[in-house]
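In what follows, a single structure is set out as structure tokens and then discussed.
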Amino acid sequence: MKKLVATAPRVAELAEYEDRAIERDEVLVKVEFAAPKHGTELADFRGTTPFIDGKFDDEWKIFREREPEEPRGIEFGDLPIGNMFVGTILEKGADVTEYEIGDRVCSYGPIRETEIVKAVNNYKLRKMPAGASAKNAVCYDPAQFALAAIRDANVRTGDNVVVIGLGAIGQLAIQLAKKSGAHTVIGVDPIKKRRTIAGKYGADFCLDSLSCDAGLEIKRLTDKMGADVIIETSGNVHALQAALKGLAYGGTLAYVAFAKPFPAGLWLGQEAHYNYGKIIFSRACSEPNPEYPRWCRKRIEDVCWELLMSGYLNCEEIIDPVIPFAKSAEGFSRYVDREPENSIKLGVDFS
């Protein structure tokens, strides 16, 4: 059997492996469909993540350098690639009572032919309803960050909402904003295919950030008022500058992107200084949730799973392109790393 791994920065390969015997509280799943992340996982793959030489100190809430004798946060050679999978249970341990052989399930895991998953007291191992879409299921993770951004920014009926960066998180934020009653929803992305799909699923207007002054156009489309809410998912310094320009006085910017260090060019002495904007660094998995104890990570996940499995959210065109597992090393390197303009969220088919 084979699995997708990074053997060096920006080098993906299929490597052979053998499964160990499952424990009493585990199941063995034969994978049928999978997907990687295009944000944080790409930073790992490129070797640019701050977690290689740094670590987040939960007590002080700051990043610290790892000590020389500590293992690095990312080690290449057998580094797994992948985020979500869908498959069928082949074996179950003696203590597993909530799942049966033959159940179709979805969970977190790398891209490989089989997965061994804890199946006792693990709500993240989700049962798939009959006929449910695998493409919707593997958007379980980005949907959580889209929902968190909508909630963190307090999107309300009648608001003007802008989403910058129309990858999977941005596309789902477009759908959620429109379904939440936003009056005008504007998508911003330089990639035509992404703008087209956003327009089909809720965006009233879509702007090409390379061919216009996006901040100014947002003001024009909202009768000079600007956006009540802007959700920024791209991590691009020019996108942040445009967001600050297009934000309404007193508006909220939900910053979702896992950004790299910014080059020179971010100028906070312009609109940001004058327009009393609020920036919220939105992250679905930070605990405690801002609305704890009513909201927590599990509640966000439960809600997203229901929205995806019911078809309330539609991810059929977000998963694009879909490639066979045999070509996943080449496909990940091409569509996620080298040519992201040719994909939204990569799907891997094992059939």
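With the simple model of a label 7 Å out from the Cα in the direction of the Cβ, D349 to R299 spans 4.0 nm.
Its Cα centre serving as origin, the range 144-281 has a Cβ charge dipole (Lys and Arg +1, Asp and Glu -1) of approximately 320 debye.
Between L90 and T48, full extension at 0.36 nm per residue minus the direct alpha carbon distance yields a gain of 11.4 nm.
Coupling constants for the range 339-351 follow from the phi torsions by the Karplus curve (6.51 cos²θ - 1.76 cosθ + 1.60, θ = phi - 60°), and in residue order they are 10, x, 5, 9, 8, 10, 9, 5, x, 10, 9, 9, 6 Hz; glycine and proline get x. For the residues A198, A173, A248, a GNM of the chain with alpha-carbon springs under 10 Å puts the largest fluctuation on A248. Simple rule: put +1 on each Lys or Arg Cβ and -1 on each Asp or Glu Cβ in the range 216-332, find the dipole, and look at F325, C304, G250; the Cα lying farthest toward the positive end is G250. Springs join every pair of Cα atoms under 10 Å in this Gaussian network model of the chain, and among Q144, Q270, Q175 the largest mean-square fluctuation is at Q270.
If you fit an axis through the alpha-carbon atoms of helix 140-152 and take the longest principal axis of the Cα set of the chain, what angle between them do you get, 0 to 90°, nearest 10? Here the helix axis deviates by roughly 30 degrees.
Among G181, G131, G235, determine the one that fluctuates most according to a GNM of the chain built with springs between C-alpha atoms less than 10 Å apart. Of G181, G131, G235, the Gaussian network model singles out G131 as fluctuating most.
Taken one residue at a time, the phi angles of the range 237-244 give Karplus couplings (6.51, -1.76, 1.60, θ = phi - 60°) of 4, 5, 5, 5, 4, 5, 4, 5 Hz. Gly and Pro are set to x.
Rounded to 0.05, the FRET efficiency of the K61 and W267 pair, given R0 = 25 Å and the Cβ-Cβ distance, is 0.35.
Applying a 10 Å radius around every beta-carbon, put 2-12, 33-43 in order of their mean neighbour count, most first.
Descending mean neighbour count gives 33-43, 2-12.
Here is how the number arises for the chain: DSSP H runs of 4 or more residues each give -39500 (n - 2.57), the sum is divided by the residue count, and the result at 222 nm is -6500 deg cm²/dmol. Per-residue Karplus couplings for the range 261-274, computed as 6.51 cos²θ - 1.76 cosθ + 1.60 with θ equal to phi - 60°, are listed in order as x, 7, x, 4, x, 7, 10, 7, x, 9, 4, 4, 6, 9 Hz, Gly and Pro entered as x. Amide H to amide H, with H built 1.01 Å from N, A227 comes under 5 Å of L247, A248, counting only residues 5 or more places away or on other chains. Along the axis of the charge dipole computed for the chain (Cβ charges of +1 for Lys and Arg, -1 for Asp and Glu, origin at the Cα centre), the listed residues T196, I62, C106 are led at the positive end by T196. Close amide H pairs (under 5 Å, H built 1.01 Å from N) link L253 with I230, K278, I279, I280, residues at least 5 positions away or on another chain. Charged neighbours of S343, selected by a Cβ distance under 11 Å, balance to +1 (K, R count +1; D, E count -1). Among 199-205, 271-277, sorting by the average number of other beta carbon atoms lying within 10 angstrom of each residue, highest first, gives 199-205, 271-277. Sorted largest first, the principal axis extents computed over the alpha-carbon atoms of the range 67-170 equal 53, 50, 23 Å.
Rounded to the nearest 20, the size of the Cβ-charge dipole of the range 64-140 about its Cα centre is 460 debye, with Lys and Arg at +1 and Asp and Glu at -1.
For the listed residue pairs K92/K298; K30/K260; K135/K192; K127/K192, the alpha carbons are over 29 angstrom apart in K30/K260; K127/K192. Treating each Cα of the range 1-96 as one equal point scatterer and applying the Debye formula with no solvent, the log10 of I(q)/I(0) at q = 0.14, 0.18, 0.21 Å⁻¹ comes out as -0.73, -0.98, -1.07.
Under unit Cβ charges (Lys, Arg +1; Asp, Glu -1), what dipole magnitude, rounded to 20 debye, does the chain have relative to its Cα centre?
It comes to approximately 1060 debye.
Counting every pair of alpha carbons in the range 144-281, the share spaced more than 23 Å apart comes to 20 percent.
The spacing between the range 274-326 and the range 111-143, judged by their C-alpha centroids, is 15 Å.
Every number here is computed from the coordinates shown, using simple stated rules; none is lab data. For clarity, every value in this text was computed on a predicted model and none was experimentally measured. Backbone-built Cβ (ideal geometry, glycine too); neighbour counts: all protein chains shown.
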